[in-house]
Amino acid sequence: MTRPRTTRLRRPLLAGATAVTALAVTAGLVAASSEPADAAAKPELSLIAATGSLTLTSWKEDPGVYLDLGTYLTAEGAPLELKVTRKSYKDPVTVTQTVYEGGRAKARKLPAGTVKDFSGLPGFVRVTLTDKAGRKVLDRTEDFCPNNASGRVRPDAPATSKYPESCPTNPFTLGSVWGVEKGWAANTYGGSYSAPVQLAAGTYTAEVGVAKKYRDLFGIADKPATVKVTVQERSYEDESGSAGAASRSATAGGHAGHGAAHAPQTAHAGHGPGHAPTPARAAAPVTSGAGPTYNAGHGPLRAAPPALPWALKKDQAARATRVGDTSGQTDGSRKAPAQRPQPQRPAGKPSVPDVPKPDLRSLPAYGIVISDGERDVPGKDYLAFSANVWNAGPAQLVVDGFRSPGKAKMDAYQYFYDAKGKQVGYTPTGTMEWDPRPGHMHWHFTDFASYRLLKADQKEAVRSGKEAFCLANTDAVDYTVKNANWHPYNTDLSTACGEENAISVREVLDVGSGDTYTQDLPGQSFDITGVPNGTYYIQVLANPEKRLKETDLNNNSALRKIVLGGKPGKRTVTVPAHELVNAN
């Protein structure tokens, strides 16, 4: 019997972490043995280079070199742990560092303005590049997510890292936790969020150093890392055979060679061919999951990937044919498995016991654009948007669906658990239905949320027909709430929501995580063809029929103000800032 976990899962972040360890040994970078946790008030941080030289590729058809230089931030003595929060959308984002004194954790508040959002430490490293003649060809700063893909730098370090696997970029994130585990190293490279550099073939010298304000803040020595870089030009046309095809596949879209996590995410990979989503709209913001393998919402927007350790990226073409995380290999394509439903539908009398329950809340809509109707009926105007419903806890939302032979729908049940994880009750809570549309193709739990376009007086103008959802933990909305799980299951749609021939399925929304549906999906819009211009509100309403049992039913609605304009066929939408969040 599968039960929700009552303790935070400690799932290995990298199956291939030993490769980083071996490389560190080769480079003479093995750190001293760890100190007792109660002896270190702050972590001892340092910047290291995994190698003194490397080769990067510039593709002729897609020019630009991604400067993954193999530089890492290491932590010794104690982990680097940062909690990033905001009280509300009216308040700025603040950050505190967890330090240890006398064996007890204490919060050290960092200066106001240290961070601007939840995507990482801005301007953490400075990268300069000089050519063979000594001319400086690049001088820029780059942000750093401490949760970037990492590995151990010594064999006696903790086998797994307790910290999440990436930094969230959802504009309405409320709380995040960043960390570099003791004895571990986090890649300073920003992945696909670092702009490529136009470089001719040749040799260069790269110098990477931590910015002064962070050296002062964290006590990092002023010791920049130097790496010799060889840039080689290659062409897709020059590649041949399976290795060439794999190399082209690996580099298309995300310049992988940087791994699958860097490629733009496709919705519902694994649901079969022939149902590729439409490209993400230019107006749509980047969304993120809580880890590198999360689908970026229910749609093709890219996730915020951690950079893969340089040590694990040799033989790119060959590795691209071996997708997945195995011993000594981590390409970012790991999918957290789905939780399994009960072996049979519940029997006996339903009950709703007095135990902790989930608390569903909605985020304001974002990614708001006018569609020309390509998703539905040409000639009509649609207002498309992205939406997220998340679970503030303190308990998971666990819903099982069971299908009677020959029936088109599943019967759905919500389960309840005590503090030890023992199931102590259940209640019927509607149905699950199979959605065959491209971009979906999985089981939807009905009546999970509702979308409504409200007039300026907040009376309903249009209601979206979409109320059924596949529940998946696509976004880390607030990992500082009680019982937040930093490593949830059910993160990928191809594992979380079942196949068409499924007899049963379990859908889970874990504590701290949310489920984003992006504006690129069928049904994720309002028909505004006959709606007059003016001021409106997009309402995202969780649990509209109140069938799910929650801690609080009074915080399920979120509103986002918009202004419609234009003429039929050429409608416009203006999206004012939502308090301090200026994201359309």
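Any of Lys87/Lys546; Lys162/Lys482; Lys420/Lys482; Lys420/Lys546 with alpha carbons more than 22 Å apart? Name them for me. Kindly include the intermediate steps, with their values, before the conclusion.
On the way: Lys87/Lys546 27 Å; Lys162/Lys482 16 Å; Lys420/Lys482 16 Å; Lys420/Lys546 27 Å.
Lys87/Lys546; Lys420/Lys546, as the Cα separations exceed 22 Å there.
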Rg and Dmax [Cα atoms of segment 537-584; Å; Rg one decimal, Dmax integer]: 15.2, 45
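Let's test the formula: R0 of 56 Å, r as the Cβ-Cβ distance of Lys60 and Glu579. What FRET efficiency results, to the nearest 0.05?
E(calc), rounded to 0.05, equals 0.75.
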Exposure of Arg140 as accessible area (Å², to 10), given a probe of 1.4 Å and all protein chains: 50 Å²
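Can you work out the accessible area per residue across segment 139-183, with the rest of the protein chains kept in place, probe 1.4 Å, in square angstrom? Don't skip to the answer; put the middle values down first.
Details: 990 Å² over 45 residues.
Roughly 22 Å² per residue, with all protein chains present.
Grab the other residues whose beta carbon is less than 9 angstrom from that of Leu471, score K and R as +1, D and E as -1, and report the net. List each step's numbers first, then the result.
On the way: positive: none; negative: Glu507, Asp515.
That works out to -2.
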Within-9-Å neighbourhood charge of Val125 [Cβ basis; K, R +1; D, E -1]: -1
For Val424, net neighbour charge (Lys/Arg +1, Asp/Glu -1) across residues whose Cβ lies under 10 Å away: 0
Glu101-Ala133 pseudo-label distance in nm [points 7 Å out on the Cα-to-Cβ vector]: 5.6 nm
At R0 = 30 Å, FRET efficiency that the Cβ-Cβ distance of Val355 and Arg463 yields, to 0.05: 0.35
Listed peptides 413-420, 528-535 by packing density, highest first (mean Cβ within 10 Å): 413-420, 528-535
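Could you calculate the FRET efficiency of Arg340 with Ser235 from 1/(1 + (r/R0)^6), where r is the beta carbon distance between them and R0 is 56 Å, rounded to 0.05?
Numbers: r = 47 Å, r/R0 = 0.84.
According to the calculation, E is roughly 0.75.
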Phi to ³J(HN,Hα) by Karplus 6.51 cos²θ - 1.76 cosθ + 1.60 over segment 141-154, Hz, x for Gly, Pro: 9, 9, 6, 9, 9, x, 7, 3, 3, 8, x, 6, 9, 8
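The values are calculated or read from the model by the stated rules, or taken from the named source; none is laboratory data. The structure displayed is predicted, hence computed values, not measured ones. Because the Cβ atoms are built from the backbone with ideal geometry, glycine has one as well, and the counts that use them run over all protein chains shown. For the accessible areas, the whole protein counts, side chains as well, though only heavy atoms, and no ligand, DNA or RNA atoms are used. Shrake-Rupley method; radii C 1.70, N 1.55, O 1.52, S 1.80 Å.
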